[in-house]
């Protein structure tokens, strides 16, 4: 698949300022975004289960430039959503879409290994498993055991609205995410207690915000402004949770569940628990999944006197 | 002085120390390991380097600076400095890099200006650091003057040996702690500890030589293209600065609580647009390229230039490991050093 | 200064002067009489004004150390703290942390001819030095003050301008960007008026402050007139929090504007990385 992608990129690179893909990162278990500016950069391009980043995150910051981006199915939804909201110009973007077999959760991988990820000495990927040497121990881990939750529930493994689609199309086989069901089943008081405890760990580094492709206010975010003053700078569970709730609600009808917020959290806060709950509500109320249909207006950017699924005056 | 602490006694030691003062320890929590103020029942986790640094012991994320009170309609408020209470604070189970990190604060916070908040916390803190027996892919402490058994900023070194730790005092305050009844004779384990340290040092990867970094980074200052390429993948969040044991930049804000208000100091992040935004609307560091340049140059050029060559980095690698997009500060410094051949 | 560098002195606003639609001048007296009596500073040094519960911002002390009835700050309404400051009245309490920063190199300027070039609110840091020199007039050579604003309405220190214009021992020139009903002084952008005045660089020092675009063209004009880099002095704006060199945001390379500045010669600035 990677060779076909390289060929496709090479064909179009002359018309583009850059193409964003992935290369291997600081060790054998981490890939990192790659900005391909000339053909000489292409040999570094890599694909596979370590290509976890949603590269659409970079697009609003490159507005006005002709840019190519390599996207998985989930990431392609961010491109569509950004274009639907006018945050990028779709015609400026060349979408190199992948038919994706899923990416890993580094958190799950860490739990599957005998020592922390940083002790990796070697790693080799086979189609369905990883063989690695970690802290002197040879280990083998099945990909299905360390797949990111979003890949388990994935409805769109093949990139949508791609200009170039690479790989063999996959048939989606979404499964429920076990942790979400367990969490949703908790009584409200326990949910609150969980967040109070968990938000004490949040350090308000805003990795979740800046990794989010739809969180475009960044430099002017109410999390740090004094005018308006919505949040204090004290690090406390209440302020931290308030920030996270604002983050979630600003994504209502916009979140594509790419999972970048949760993946980016340096202290492993399961932020997707909030996103999935909210997305369930927007799907129920508006029959809407963000970033699945080019040209569609997001429900909270429009208005209908009678919303079909909201019973406002049903007495 | 060497003593021995059985692994099974670590919790008992934390419980005991926590009775006479705060204990900051790496705690396993929700799949993460983070430094927490220890309470009995928490699980201390030493097998993984904590995601957060032990910086909070000497530089908490939120430090109340002033309390302001107004009585009724009176126009004159009372303004009081809210210095932290005096009490011995033990950091139990950080790594040597974490203990070294706070030493970067010294020349700044206790140099020309005396910061009484940091000074008090620094004086009262005692660091018991665990020797690292094996480097991670992101570790580079030996390239910035540290090491897996470095004793800079450490009071007691905990050296993993069979069945527990040899606790080796580095300072007089550290030696006092070792008088605790939970510590036993070290005996022959001292030699085992020496061997562990020798092996740990030998296991470190080859060092980077960052000595030319100050001038080489400065030489790239006006090279917009260089910094745009280096920062292309950066998403301008604060994971690197907030995980960093040596980052000391802070914000000061007021919280209005009606008749009372307080002024707090909180960690701030040089990667944020607002960090340098001026009242006029002008921003000297408007893009992430400007900001990453300042972050890297502060650590590897400006600080060492001001403070006799010391690099403002302890090589813990947290900024690399926890960066959502894998920005590698080592690679940026190397690229500046190697620029143009 | 106080032992605790963050602890402000309580002070009372004794007078508030409305200068322009968005600039007010605040005259402040420390509540501790002894501290007020012993307060000293150098022209060009800055202070942090606190509105408790809101925050703290940095302003130059624009009164002169030769006139210590009060400390004066001029504040443009641009953000949270300045907006709240503008709502305060005489009798209200503020906090003051001062003096901070380096100040003008007054000793090196003795015996020299001085050319002040101020634009808009940039007149504030010049005022302190200008008054200091008027009060020590014999120590300095010819003094020229060129002060410009967009319109007469935007001019600060209007109450003092007649006195400055009337003095025979200084040459005061005022200018506005465009013709304005009733305006009897110069019309034109500051750098152009400066070229027209053509002060000699001989034994002279130029002191300038104003918005970045004005500074840029004023520097060009001064170079054209033959001023060397070390004959040009300016004072910088930066976002500041601690004011004592710790919080890390006002640095230009290795220099911290709050401690090593805000006053720099153009020669010093040129030696720093270009991050204004």
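Determine whether residue B:109 is out of contact with any strand residue (DSSP E or B) (no Cβ under 6 Å at 6 or more places or on another chain) and more than 22 Å from residue B:204 (Cα to Cα). Spelling it out, residue B:109 is indeed out of contact with any strand residue (DSSP E or B) (no Cβ under 6 Å at 6 or more places or on another chain) and more than 22 Å from residue B:204 (Cα to Cα).
Of the residues making up the range A:193-211, those that are assigned to a loop (DSSP other than H, G, I, E, B) and facing chain B (nearest Cβ under 7 Å) number 4. Using the structure shown, decide if residue B:187 is buried (at least 19 other Cβ atoms within 10 Å of the Cβ), outside the structural domain of residue B:295 (by TED's automatic domain parsing) and either under 20 Å from the mean Cα position of the chain (by Cα) or assigned to a loop (DSSP other than H, G, I, E, B) (or both). No: the conditions fail for residue B:187. Comparison of B:87, B:51 shows that the only residue that is part of a loop (DSSP other than H, G, I, E, B) and either at pLDDT below 95 or more than 14 Å from chain A (Cβ to nearest Cβ) (or both) is B:87.
Considering the range B:123-151, and only residues there that are surrounded by 20 or more Cβ atoms within 10 Å (Cβ to Cβ) and assigned to a helix (DSSP H, G or I), the residue that is nearest to the other protein chains (Cβ to nearest Cβ) turns out to be B:141. Taking residue B:245, is it part of a helix (DSSP H, G or I), more than 8 Å from chain C (Cβ to nearest Cβ) and in contact (Cβ under 8 Å) with a residue 24 or more places away in the chain? In short, no. For residue C:258, the conditions (1) touching a residue at least 60 places away in the same chain (Cβ under 8 Å); (2) under 24 Å from residue C:55 (Cβ atoms); (3) part of a loop (DSSP other than H, G, I, E, B) are fulfilled apart from (3). In the set (1) under 27 Å from residue A:228 (Cα atoms); (2) within 8 Å of another protein chain (Cβ to nearest Cβ); (3) part of a helix (DSSP H, G or I), the condition left unmet by residue B:291 is number (2). Would you check if there is a residue in the range A:252-268 being within 13 Å of chain B (Cβ to nearest Cβ), within 21 Å of residue B:319 (Cα to Cα), at pLDDT below 95 and in a loop (DSSP other than H, G, I, E, B)? No, because not a single residue in the range A:252-268 is within 13 Å of chain B (Cβ to nearest Cβ), within 21 Å of residue B:319 (Cα to Cα), at pLDDT below 95 and in a loop (DSSP other than H, G, I, E, B).
A residue that is over 21 Å from the mean Cα position of the chain (by Cα), in a loop (DSSP other than H, G, I, E, B) and either in contact (Cβ under 8 Å) with a residue 12 or more places away in the chain or on the phi < 0 side of the Ramachandran plot (or both) occurs somewhere in the range A:16-23. Only a single criterion out of (1) without any contact (Cβ under 8 Å) to a residue 12 or more places away in the chain; (2) within 14 Å of chain B (Cβ to nearest Cβ) is not satisfied by residue A:222, namely (1). Checked against the criterion of being farther than 14 Å from residue C:73 by Cβ and crowded, with 23+ Cβ neighbours inside 10 Å, the candidates C:119, C:111 yield just one match: C:119. The set of residues in the range B:55-109 that are touching a helix residue (DSSP H, G or I) at 6+ places or on another chain (Cβ under 8 Å) and closer than 29 Å to residue C:11 by Cβ comprises B:63, B:65, B:81, B:83, B:84, B:109.
Is it the case, given these coordinates, that residue A:295 is surrounded by fewer than 18 Cβ atoms within 10 Å (Cβ to Cβ), more than 13 Å from chain B (Cβ to nearest Cβ) and at pLDDT 90 or above? So residue A:295 passes the test.
The residues of the range A:227-243 that are buried (at least 17 other Cβ atoms within 10 Å of the Cβ) and out of contact with any strand residue (DSSP E or B) (no Cβ under 6 Å at 6 or more places or on another chain), listed by number, are A:231, A:239, A:240, A:241, A:243. Here the condition is being assigned by TED's automatic domain parsing to the domain that holds residue C:129 and within 14 Å of residue C:115 (Cβ to Cβ); of C:199, C:152, it holds for C:199 alone. Determine whether residue C:218 is within 12 Å of chain B (Cβ to nearest Cβ), touching a helix residue (DSSP H, G or I) at 6+ places or on another chain (Cβ under 6 Å) and farther than 21 Å from residue C:43 by Cα. It is false that residue C:218 is within 12 Å of chain B (Cβ to nearest Cβ), touching a helix residue (DSSP H, G or I) at 6+ places or on another chain (Cβ under 6 Å) and farther than 21 Å from residue C:43 by Cα. If you check A:89, A:63 for being at pLDDT below 95, more than 30 Å from residue A:131 (Cβ to Cβ) and touching a helix residue (DSSP H, G or I) at 6+ places or on another chain (Cβ under 9 Å), only one passes: A:63.
Could you check the range A:42-60 and list, in sequence order, the residues that are more than 8 Å from chain B (Cβ to nearest Cβ), out of contact with any strand residue (DSSP E or B) (no Cβ under 7 Å at 6 or more places or on another chain) and outside any loop (DSSP other than H, G, I, E, B)? A:43, A:60 - these are the residues of the range A:42-60 that are more than 8 Å from chain B (Cβ to nearest Cβ), out of contact with any strand residue (DSSP E or B) (no Cβ under 7 Å at 6 or more places or on another chain) and outside any loop (DSSP other than H, G, I, E, B).
The values are calculated or read from the model by the stated rules, or taken from the named source; none is laboratory data. All of these numbers come straight from a predicted model, not from anything done at the bench. So basically every Cβ, Gly included, is an ideal-geometry build from the backbone, and we count neighbours across all protein chains shown.
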